[in-house]
Each structure stands twice: as structure tokens, then as C-alpha cells.
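Engineer: Here it is, the structure in full.
The values are calculated or read from the model by the stated rules, or taken from the named source; none is laboratory data. Everything numeric in this text was worked out from a predicted model, so none of it was measured. A quick note on method: Cβ atoms are made from the backbone with ideal geometry, for glycine too, and the neighbour counts reach across all protein chains shown.
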Amino acid sequence: MISLAAKGRVLYLIAAFLLIVAIKAKAGDPLALDWDSQPLDATRTNLESELHDATAQQEINQLTGSLAEVADAKLMIVYLHLYSLLPDKDQSALLSEQKHWLKLRTNDVGEAAKADEGGSAGPMDANTEFVKFTNERCAELEKRLALALKKSAPAKHLK
């Protein structure tokens, strides 16, 4: 069964990051890239370990759902970092692009869920596709973030 502590860690990380974003945005500073992904990665690793040992479909569905939440949290963090470094015009373009991508993900995940034809593995299939689709987007945005950081003042954004 998925641990309550794992869910709590994910929600805590998201809330803490959003608080940092709000504070830095109010101060007019772009986000510093000093966020340590280790706790989020550790949560993902723990969930994957639990998933490996899981045997009941309901538990597998819950664990893959939690993995989807972790992937989405990481994507949101990378997206916000990138967004904060872009000029207004590029921020608008990224926002439109992200909205379009979210629609594509929703459709893709919906199709994955239908593939099981209402069976008990449908949520697992949908969650697995969600994680795959989200991780691909995250990798794409991480590359763009690296380029944006190179263009910005390195001393201000790196440890």
C-alpha cells in the first residue's frame, strides 16, 4: 500500500516550491537554480520500489498514480524555472505551448485508459502513460532550461 508519508513528501515539495516562486516573483528576481531534486527523486525511487513489490492491482494503481503526481510535480518545477527566465513574449508562447501540450497529454492518457476496456488495470495503464508522456516533456523543458540559464547571468543562477 502506498505510504502516506510518500504522498505527504510530494505535496510538501510542491507547496514549498510554490512558496519560493511566489516570494521570488514578488521580489522581481528570476528563480535561482538551487532547488535540489534529491528529495523528489528519492520519493520516486521509494514509490518505484514499492511498486516492484506490489501484487494487488488496486495497490499498483495507487502507486502508479503517485508516480504520476511526482512526475507532474517535477515537470511543474522545471516549467516554472524556465518560465521565470524568459522575457514576457516568450513566457506567453511557453504558456500557450504548455496548454496545448496538456490537452495532448489528457487525450493520450485517456486513450491509454480505454485500451483496457474498463478492466482493473485501466488506471495503471493511464498512469504509466501519464508518467511516460510527462517525463518526455520534462526532459524537453530541461534542455531548454539549460539553454536559458546559459543566456542569463550564470553567477546569479548557479550554486
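Engineer: What residue, among those in segment 99-144 that are polar (S, T, N, Q) and touching a residue at least 40 places away in the same chain (Cβ under 8 Å), is nearest to residue 59 (Cα to Cα)?
Structural biologist: Checking each candidate, the answer is 120.
Engineer: A further question on this structure: Do we find a residue being surrounded by fewer than 20 Cβ atoms within 10 Å (Cβ to Cβ) and farther than 30 Å from residue 51 by Cα anywhere in segment 105-127?
Structural biologist: Checking segment 105-127: not a single residue is surrounded by fewer than 20 Cβ atoms within 10 Å (Cβ to Cβ) and farther than 30 Å from residue 51 by Cα.
Engineer: Is segment 81-103 home to any residue that is modelled with pLDDT of 95 or more, within 23 Å of residue 54 (Cα to Cα) and assigned to a helix (DSSP H, G or I)?
Structural biologist: no
Engineer: Which members of segment 104-121 meet the condition of being outside any helix (DSSP H, G or I) and among the acidic types (Asp, Glu)?
Structural biologist: 116, 117, listed by residue number.
Engineer: Taking the criterion of being within 22 Å of residue 37 (Cα to Cα), touching a Ser or Thr at 6+ places or on another chain (Cβ under 8 Å) and surrounded by 14 or more Cβ atoms within 10 Å (Cβ to Cβ), would at least one residue in segment 83-102 satisfy it?
Structural biologist: Taking every residue of segment 83-102 in turn, at least one turns out to be within 22 Å of residue 37 (Cα to Cα), touching a Ser or Thr at 6+ places or on another chain (Cβ under 8 Å) and surrounded by 14 or more Cβ atoms within 10 Å (Cβ to Cβ).
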